[in-house]
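Student: Please find one structure pasted underneath; my questions will follow.
The values are calculated or read from the model by the stated rules, or taken from the named source; none is laboratory data. Keep in mind it's a predicted model, so treat the numbers as computed, not measured. Virtual Cβ from ideal backbone geometry, glycine too; neighbours counted across all protein chains shown. With ligands, DNA and RNA removed, areas are computed over all heavy atoms of the protein, side chains included. Shrake-Rupley method; radii C 1.70, N 1.55, O 1.52, S 1.80 Å.
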Amino acid sequence: MGRIDKENYYLDIAETVLERSTCGRSKYGAIIVRNDEIIATGYNGAPRGRENCIDIGYCLRDKLHIPHGERYELCRSVHAEMNAIISAARSECIGATLFLAGRNAKTGDYLESVEPCSMCRRVIINSGIKRVVMRTGKDTYNAVNVQEWVIRDDSILSDYEI
């Protein structure tokens, strides 16, 4: 048996972190790593002191049949990426890599798309994180250089969209 590569090693840790998620829809785990040291971890769940979806027994976005990736303002959870960044000093995030894993809360299947939402992308950009690695399967992942999100500014509408 060969040695696991670093990306999958850290993604496995992020996948363990997602087991703390309190979302009834999707479980996410994130870790921030710089110079081969884990700086912070985060999972998705309600803000401290508030009831979680698994505690109240439902997800409002599920009840309203809201598709994945839409109407996050109705979600009770703080996203895993944000929770990890909140737990770290910005000076520790500069140049770091964020590893993100996600699973369907009901089936346990890997999520088709684990790319951070537009709100999380903004927070990641401001944190100084350099790279994001997103698990797509047991041993597979996609990686993005955060500078690509800066260049491909999704907050500016094109002439076609206006």
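Student: Rounded to the nearest 20 Debye, what is the dipole magnitude of the chain about its Cα centre when Lys and Arg each give +1 and Asp and Glu each give -1 at the C-beta?
Tutor: Magnitude of the dipole: close to 400 debye.
Student: Same structure, new question: Can you give me the % of accessible surface on the range 28-162 that is carbon or sulfur? Probe 1.4 Å, all protein chains present, nothing else counted.
Tutor: Exposed carbon and sulfur together represent 48 percent of the surface.
Student: Please calculate the 1.4 Å probe accessible area of residue 64, with all protein chains present, and give it to the nearest 10 Å².
Tutor: 100
Student: Which whole-number percentage describes the relative contact order of the chain, with Cα contacts under 8 Å and a sequence gap of 6 or more?
Tutor: 23
Student: Spin-label point model (7 Å from Cα, Cβ direction): what's the residue 89 to residue 70 distance in nm?
Tutor: Going by the 7 Å Cα→Cβ label model, 4.3 nm.
Student: Next question. Could you tell me the largest-minus-smallest coordinate of the C-alpha atoms of the range 32-162 on each of the three principal axes, in descending order and whole angstroms?
Tutor: Here the spans come out as 43, 40, 32 Å, largest first.
Student: Here is a follow-up. Order 116-126, 75-85 from most to least packed using the mean count of other Cβ atoms within 10 Å.
Tutor: 75-85, 116-126
Student: Amide H of residue 26: which non-local residues (sequence gap of 5 or more, or other chain) have their own amide H closer than 5 Å, using H built in the peptide plane?
Tutor: Counting only residues 5 or more places away or on other chains, the set is 105.
Student: Further question: State the antiparallel share, in %, of DSSP beta bridges confined to the chain, rounding to the nearest 5.
Tutor: 85
Student: Could you check the simple spin-label distance between residue 48 and residue 36, using points 7 Å along Cα→Cβ, in nm with one decimal?
Tutor: 3.3
Student: Rolling a 1.4 angstrom probe over the protein heavy atoms, how many square angstrom per residue are accessible across the range 43-143?
Tutor: That works out to 56 Å² per residue.
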